[in-house]
Amino acid sequence: MKLGLALLALSGSTSAFSTVGQTRTSTALFQMVAEKPKQMTRFDRIKANYKGPKVEISSGIEDEVGFSYDSFEEAVSATDYSFNRNDVVTGTVVQYDKGGCVVDIGAKSSAFLPQQEAALVQEQGAQIENLIELDAEREFQIISEEDENGQLLVSVRRIEYRQAWDKVVAKRDTDEVFDAECVSVNRGGAIFLVEGL
């Protein structure tokens, strides 16, 4: 502050304490005094000079690997990664998890199979390990859209339900006689379990 006032007095103004008509001059002088050149830290100097890792690519690497960047780009653009609800996809169970299992279906992230969607008919207290085999490839139906992490929910039960319904319709069309399990009796009759339905 004292330095700014001294500079005002030296600049030829009539009064060092008069601010009338001197606002622009005093503001410019204060900015010149207040601004010091910022000194870069050692880290900032190294960061400014860093150009990234240096990777030497030999000229014959494309022949050795079997593809070039252009062919890789074409292969990626030709691949379709869109998965829609109710699509049936092939996948592999890679890990059991709490409440279900993780399934690799070729999406950007793995899908999740909840335990209640693991089979059409489940015994009371059945574990996911007894319902779904690990590392086995099978079909799954997508039952949800991608969440914020890109994960999908899949189901085996819905595929089995559709297959069981087709079998029941075929038995009705052929008028075939079959055995069924009676699961309950009520005032109107009996309820039977046929093909899990």
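Structure data summary
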{"item": "Some residue of the stretch 121-131 being open to solvent by less than 40 Å² (accessible area, probe 1.4 Å), closer than 18 Å to residue 88 by Cα and among the hydrophobic types (A, V, I, L, M, F, W, C)", "result": "no"}
{"item": "The stretch 100-120, residues that are under 14 Å from residue 152 (Cα atoms), among the small types (Gly, Ala, Ser) and either open to solvent by less than 10 Å² (accessible area, probe 1.4 Å) or modelled with pLDDT of 90 or more (or both)", "result": "100, 111"}
{"item": "Members of the stretch 32-62 that are modelled with pLDDT under 75 and farther than 30 Å from residue 72 by Cα", "result": "32, 33, 34, 35, 36, 37"}
{"item": "Qualifying positions in the stretch 117-135 - in a loop (DSSP other than H, G, I, E, B) and under 24 Å from the mean Cα position of the chain (by Cα)", "result": "118, 134, 135"}
{"item": "Matching residues in the stretch 138-197 - criterion: being in a strand (DSSP E or B), in contact with a helix residue (DSSP H, G or I) (Cβ under 8 Å, 6 or more places away or on another chain) and open to solvent by less than 90 Å² (accessible area, probe 1.4 Å)", "result": "140, 141, 153, 154, 155"}
{"item": "Tabulated pairs, the stretch 130-150, first more than 14 Å from residue 108 (Cβ to Cβ), second in a loop (DSSP other than H, G, I, E, B) and of a type in the set (Gly, Ala, Ser), C-beta under 6 angstrom, 6+ apart or interchain", "result": "131/118; 131/119; 132/118"}
{"item": "Members of the stretch 63-99 that are among the acidic types (Asp, Glu) and open to solvent by 90 Å² or more (accessible area, probe 1.4 Å)", "result": "63, 64, 70, 73, 74, 80"}
{"item": "Those residues of the stretch 82-110 which are touching a residue at least 60 places away in the same chain (Cβ under 8 Å) and within 14 Å of residue 133 (Cα to Cα), in sequence order", "result": "91"}
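The values are calculated or read from the model by the stated rules, or taken from the named source; none is laboratory data. Computed from a predicted model, the values in this text were never measured in an experiment. Cβ: placed from backbone, ideal geometry, glycine included. Neighbour counts: every protein chain shown. Please note that ligands, DNA and RNA were not included when accessible areas were found on the heavy atoms of the full protein model with its side chains. Shrake-Rupley method; radii C 1.70, N 1.55, O 1.52, S 1.80 Å.
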